[in-house]
2 protein chains.
Amino acid sequence: MPQSVLERAQRELLDWNGSGASVMEQSHRGKRFIEMAAQAEADLRTLLAIPADYAVLFLQGGATQQFAQIPMNLAGEGGSADYVDSGHWSAKAISEAAPYVRVNVAASGRADDYRRLPSRDSWQLDPQAAYVHYTPNETIHGVEFREIPDVGAVPLVADMSSNILSGPLDVSRFGLIYAGAQKNIGPSGLLVMIIRRDLLQRATRPMARIFRLAEHAAHDSMLNTPNTWGWYLAGLTFQWLLAQGGLAAMGQRNHAKAALLYEAIDGSGGYYRNPVDPSARSRMNVPFTLHDGALDAMFVRESETAGLLALKGHKALGGMRASLYNAVPLEAVLALTEFMQDFSRRHG
Amino acid sequence: MPQSVLERAQRELLDWNGSGASVMEQSHRGKRFIEMAAQAEADLRTLLAIPADYAVLFLQGGATQQFAQIPMNLAGEGGSADYVDSGHWSAKAISEAAPYVRVNVAASGRADDYRRLPSRDSWQLDPQAAYVHYTPNETIHGVEFREIPDVGAVPLVADMSSNILSGPLDVSRFGLIYAGAQKNIGPSGLLVMIIRRDLLQRATRPMARIFRLAEHAAHDSMLNTPNTWGWYLAGLTFQWLLAQGGLAAMGQRNHAKAALLYEAIDGSGGYYRNPVDPSARSRMNVPFTLHDGALDAMFVRESETAGLLALKGHKALGGMRASLYNAVPLEAVLALTEFMQDFSRRHG
């Protein structure tokens, strides 16, 4: 999270908004909290220019719960949905959806070890599908779709946990966008969803109210006690993003950060390697390996000592991974690339 | 939350545990976080003397989600469960369970406007029920069970959101205890569950892994990214409770706090009234009315100006409600009773 957001949260922790108490101790039904929550939604709507026919929800349970809740709500019993398998997280979305919907894997990068994205013209879409699900950015495999795929009249559903708010986005191209907050929005335990309102009416199967997206929308995400702290920090982050110049400015900054790091990798003469096809490289998550895996542990240790980003790769893939989320300043990426050059000289 | 817990969270917000970053920015798979999480569980086990054959889970979605998830996990398709209806929250538990289990309302206080609890010998229990569900403390109606009901061999399931950790408890009498954190544990967005391990094996119907309690237990509540901030604050609260002398000491203190307030109400000559049968009065939530409802708004306004507890009653019931959770010191209850006496003199 941005340093200035954390500093403000620290200042306000014992006395928020003149209430004499912490934001965590406010009733979510109180005037102060409701105003804050509404402002957070308004700021997110401004940032993403969200059209009026979309609802914005602040939920719990993370993206993983939505892997199940989305088919429960968007597909009728016996219905089917198209999924694009582009890495670890889309594969999870598929396996969690399977109890609720007939999954058609319309395309997969698995045969390529997820190093490239299946091109749009290879997707086997079903015009009768309840929706098309894809993962615009794969956190672990470090692949990212540059363009929003055209899927015709079928609603496009996107898990944007790791790249939401990283640059401008045309929300009107989507039926549903969802994102766990813990990458680009705020703390864990909060999920943000942007859903075209007509899709809220699709849920037909029996289920508890708490799983019905329409109920959450009808109650302004206060059907049950929300994650008040997470919502508050998300609001502060939205304000910070607006103050930074909005998503156009963030997009430029993120582009520059990623370019710096990929250049350092590609210019290392093979000392560092990123396995991803250049056309599919993520701007948020950059996995890379050292030419000699025996140096991995030393690289992690020395980089930690140098106060750099957490760099150890995900256990599913090994190697290193740099995550360049919005809160990471350009200076931190510069420090990383300088460390990488220095490390390669010292352990050449 | 206790003042000292909030002050510590404030101090550590930017640099937790020597990490140079906030606890919210730690990987939940990192060594520091895992150690903290394990310590929080160990401290809760100490506080409640939780037997080894019970798992402790830190989940998301609040008690409301568990209203659905518990029948999904504990009852087979077509199975039935017994529910005791003692107020607003048990009624909610019943309606959210209905899509997943045949609900037998074994007893209800509805005919008495929930002012007393149905006595155990009036409960119509089914020995074939998957479980018996009850709500030991009703936040809105202010009724609380003094004794743990004997339900034989059928697992007893309790929503303790509003009275967990308020005093000593014999966990071995329960099959499953669950509690939203936002009353006596920490911030909203976290749910604590204590479940006898054999019950984890009951889930037979098709569902996503994210809804399976056994999966959460097998992954130490890190099947997906947990609410890291909530878990951390819960851990600090457990430490605070241990330092206060544990649950025996908390029980005495809570007893004294409640006695003070009920005495002020009962001794007001009818100026204030609590509608609940004395044998069922809650130690945590004390609803009361003024002899003249036209004074309500003034009472709320003046008490707020005096810096007292949030006193406005829940919209479902009106009137006033004082919540005497663990973090409320005796002094705050004294200040409230003095204010009440003063108010009744001035507006007699």
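Couple of notes before you dig in:
- Inclusion of B:Arg173 among residues that are touching a residue at least 24 places away in the same chain (Cβ under 8 Å), basic (Lys, Arg) and in the same structural domain as B:Arg115 (by TED's automatic domain parsing) is warranted.
Here is a yes/no grid of residues against (1) among the aliphatic types (A, V, I, L, M); (2) modelled with pLDDT of 95 or more; (3) farther than 15 Å from B:Leu48 by Cα:
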position: B:Gly167; (1), (2), (3): no, yes, no
position: B:Ser172; (1), (2), (3): no, yes, no
position: B:Leu176; (1), (2), (3): yes, yes, no
position: B:Gly180; (1), (2), (3): no, yes, yes
position: B:Gly186; (1), (2), (3): no, no, yes
position: B:Ile210; (1), (2), (3): yes, yes, yes
position: B:Glu215; (1), (2), (3): no, yes, yes
position: B:Gly246; (1), (2), (3): no, yes, no
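- For the stretch A:202-231, filtering for residues that are facing chain B (nearest Cβ under 10 Å) and within 15 Å of A:Phe58 (Cβ to Cβ) leaves 10.
- Residue in the stretch A:21-35 that is part of a helix (DSSP H, G or I), within 14 Å of another protein chain (Cβ to nearest Cβ) and over 17 Å from B:Ala310 (Cβ atoms) present: no
- Qualifying position, being touching a residue at least 24 places away in the same chain (Cβ under 8 Å), hydrophobic (A, V, I, L, M, F, W, C), part of a loop (DSSP other than H, G, I, E, B) and under 16 Å from A:Asn137 (Cα atoms), among A:Val276, A:Val286, A:Val328: A:Val276
- Residue match in the stretch B:1-9 (condition: closer than 19 Å to B:His216 by Cα and in the same structural domain as B:Arg173 (by TED's automatic domain parsing)): no
- Taking the stretch A:263-273 as the range and being in a helix (DSSP H, G or I) and either surrounded by fewer than 19 Cβ atoms within 10 Å (Cβ to Cβ) or of a type in the set (Gly, Ala, Ser) (or both) as the test, the residues that pass are A:Glu263, A:Ala264, A:Asp266.
- In the set A:Leu125, A:Leu117, only one residue is in contact (Cβ under 8 Å) with a residue 24 or more places away in the chain, part of a loop (DSSP other than H, G, I, E, B) and within 30 Å of A:Met320 (Cα to Cα); that residue is A:Leu117.
- Search result, residues across the stretch A:129-144 that are touching a Leu at 6+ places or on another chain (Cβ under 7 Å), in a loop (DSSP other than H, G, I, E, B) and under 18 Å from A:Ile195 (Cα atoms): A:Ala130, A:Tyr131
- Selection of the stretch B:295-325 for residues being assigned to a loop (DSSP other than H, G, I, E, B), away from chain A (no Cβ under 13 Å) and surrounded by 14 or more Cβ atoms within 10 Å (Cβ to Cβ) yields B:Leu317, B:Gly319, B:Leu324.
- Test result for B:Gly251, in contact (Cβ under 8 Å) with a residue 12 or more places away in the chain, away from chain A (no Cβ under 14 Å), under 17 Å from B:Leu44 (Cβ atoms) and among the small types (Gly, Ala, Ser): yes
- Residue match in the stretch A:226-239 (condition: surrounded by fewer than 19 Cβ atoms within 10 Å (Cβ to Cβ), out of contact with any Cys (no Cβ under 8 Å at 6 or more places or on another chain) and outside any loop (DSSP other than H, G, I, E, B)): yes
- For the residues A:Gln26, A:Gln39, A:Gln66, the requirement of being more than 21 Å from the chain's Cα centre (by Cα), closer than 30 Å to A:Gly246 by Cβ, crowded, with 18+ Cβ neighbours inside 10 Å and of a type outside the set (A, V, I, L, M) singles out A:Gln26.
- Residue, farthest from the other protein chains (Cβ to nearest Cβ), within the stretch B:1-15, restricted to residues that are within 28 Å of the chain's Cα centre (by Cα), in a loop (DSSP other than H, G, I, E, B) and not aliphatic (A, V, I, L, M): B:Pro2
- Checking each residue in the stretch A:145-175 for being surrounded by fewer than 24 Cβ atoms within 10 Å (Cβ to Cβ) and not in a loop (DSSP other than H, G, I, E, B) picks out A:Leu156, A:Val171, A:Ser172, A:Arg173.
- Matching entry among B:Leu44, B:Leu74 (being in contact with a Lys or Arg (Cβ under 7 Å, 6 or more places away or on another chain), hydrophobic (A, V, I, L, M, F, W, C), crowded, with 22+ Cβ neighbours inside 10 Å and outside the structural domain of B:Val328 (by TED's automatic domain parsing)): B:Leu74
The values are calculated or read from the model by the stated rules, or taken from the named source; none is laboratory data. Nothing here was measured: the structure is a model prediction, and the numbers come from that model. We place every Cβ from the backbone using ideal geometry, glycine too, and count neighbours over all the protein chains shown.
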